[in-house]
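Q: Sharing a structure below in structure tokens format, with a few things to ask.
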Amino acid sequence: MPVALDLEIVRQIVGQEFDHATHGPVTAEELIAFARALGETRPEYTEPGPDLIGHPTYCVRYKGRKFYPENLPKVVNVRTGFDAGKDLELGVPVRPGDMIDVRATLHDVYEKTGRSGSMYFVVIRFTMTNQRGEILAVIDNRFMHR
Amino acid sequence: MSPRLRFDDVQEGDDLPQQEFVLSKTQVREYARAGGLWTPRFTDDEGARQEGLPGMITPGNMSLGLLATFLESWAGVGSLRRLGTTFRGLVLPDRTVRLRGTVTQKEGARRTVEVDVWLESDEGERGVIGTATVALS
């Protein structure tokens with residue numbers, strides 16, 4: 001049964017930051033394990049030392065504490081959603097000792113109609129910075145709801 | 001830092017050297033552990049079936065990561081600027097996957113290229129598609 005969502009109401013809360021969390025400090029072991037799990041062997045991603053940096057997608061492992069804004073209509077059920085994709089803009093690399101500051105914003109909500117009916121897409125933007133205020137990554141995560 | 005591919009050595013329409021391998025359940029579990037995704041759908045066939053899945057699946061984040069590694073294997077460490085992906089279907093482990101890509105556009109002022117990338121099954125079905133911006137030297 002498709003969800004009925006009033007997009008005009010939802011659009012009023014688009015752009016609002018709804019979560020803020022800080023993770024870390026990141027360890028060299030965590031960066032290396034992540035890179036190796038992706039088949040990486042290059043020293044920049046896998047050898048401890050001053051030149052070690054995080055794999056470019058390392059930041060996707062971090063989230064906030066809330067999945068969706070509390071004022072998003074309840075017809076959008078987190079449990080019925082599918083991860084439909086991610087857009088990743090990269091800043092400076094993650095390094096051992098970094099703290100990861102994550103701010104989550106409801107970036108967009110839109111509807112598409114396919115062969116199986118209407119689908120809603122909820123886009124959450126995660127802006128991640130380090131302890132120096134440098135952007136590590138901006139990640140738009142699209143979730144699909146039928 | 002590993003050497004980076006030269007902008008002048010790349011042309012629009014170039015295909016990236018494809019990578020083909022069996023994505024094992026062991027590797028998916030290693031990623032789930034390292035990526036903070038230790039849940040049955042990514043680690044355990046029976047647990048995944050109880051969620052209505054055909055068996056354990058590959059996290060979308062892992063597909064994103066594999067494509068990032070694929071792009072930087074071609075262009076060099078630190079070359080990736082942007083990667084956008086759409087997860088179109090389930091990527092099941094213990095099967096052959098292919099990572100492929102094509103250069104679609106060169107941007108001379110920034111010395112960057114746009115690349116279409118995708119992850120496909122042994123049958124050629126594209127489970128993940130995307131576009132990337134890569135900086136060259």
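Q: State whether the residues of segment A:62-76 include one that is part of a helix (DSSP H, G or I) and either away from chain B (no Cβ under 11 Å) or of a type in the set (A, V, I, L, M) (or both).
A: Scanning segment A:62-76, I find no residue that is part of a helix (DSSP H, G or I) and either away from chain B (no Cβ under 11 Å) or of a type in the set (A, V, I, L, M) (or both), so the answer is no.
Q: Which of the residues that make up segment A:111-146 are more than 16 Å from A:T80 (Cα to Cα), at pLDDT 95 or above and not aliphatic (A, V, I, L, M)?
A: Selection gives A:R125, A:F126, A:T127, A:T129, A:N130, A:Q131, A:R132, A:G133, A:E134, A:D140.
Q: Test A:Y45 against the stated conditions and say whether it is buried (at least 17 other Cβ atoms within 10 Å of the Cβ), over 23 Å from B:F87 (Cβ atoms) and of a type in the set (F, W, Y).
A: Criteria met by A:Y45.
Q: Filter segment B:15-35 down to residues that are surrounded by fewer than 17 Cβ atoms within 10 Å (Cβ to Cβ) and more than 16 Å from the chain's Cα centre (by Cα) and give me whichever is nearest to the other protein chains (Cβ to nearest Cβ).
A: Among them, the one singled out is B:R33.
Q: If you scan segment A:42-59, which residues turn out to be polar (S, T, N, Q) and within 10 Å of another protein chain (Cβ to nearest Cβ)?
A: Passing the criteria: only A:T57.
Q: Across segment A:112-146, what is the number of residues that are surrounded by 13 or more Cβ atoms within 10 Å (Cβ to Cβ) and either over 11 Å from the mean Cα position of the chain (by Cα) or not polar (S, T, N, Q) (or both)?
A: Of the residues in segment A:112-146, 24 are surrounded by 13 or more Cβ atoms within 10 Å (Cβ to Cβ) and either over 11 Å from the mean Cα position of the chain (by Cα) or not polar (S, T, N, Q) (or both).
Q: Mind checking which residues of segment B:36-53 are assigned to a loop (DSSP other than H, G, I, E, B) and surrounded by 15 or more Cβ atoms within 10 Å (Cβ to Cβ)? Steps first, please.
A: Step one: filter segment B:36-53 for residues assigned to a loop (DSSP other than H, G, I, E, B), giving B:36-39, B:44, B:50-53.
Listed by number, the residues that qualify are B:G36, B:L37, B:D44, B:L53.
Q: Kindly establish whether A:D108 is at pLDDT 95 or above and buried (at least 16 other Cβ atoms within 10 Å of the Cβ).
A: The answer is no for A:D108.
Q: What's the number of the only condition in (1) crowded, with 17+ Cβ neighbours inside 10 Å; (2) modelled with pLDDT under 95 that B:M56 fails to meet?
A: (2)
Q: Looking at B:G84, B:G65, B:G78 in this structure, which one is under 22 Å from A:L136 (Cβ atoms), in a strand (DSSP E or B) and within 9 Å of another protein chain (Cβ to nearest Cβ)?
A: B:G84 is the lone residue from the list that is under 22 Å from A:L136 (Cβ atoms), in a strand (DSSP E or B) and within 9 Å of another protein chain (Cβ to nearest Cβ).
Q: I'd like the full set of residues that are in contact (Cβ under 8 Å) with a residue 24 or more places away in the chain and either surrounded by fewer than 21 Cβ atoms within 10 Å (Cβ to Cβ) or touching a helix residue (DSSP H, G or I) at 6+ places or on another chain (Cβ under 6 Å) (or both), limited to segment A:79-89.
A: Matches in segment A:79-89: A:T80, A:G81, A:F82, A:D83, A:A84, A:K86, A:D87, A:E89.
The values are calculated or read from the model by the stated rules, or taken from the named source; none is laboratory data. Computed from a prediction, not measured in an experiment: that's the story for all the values here. Positions of Cβ are generated from backbone atoms using ideal geometry, with glycine treated the same way; all protein chains shown enter the neighbour counts.
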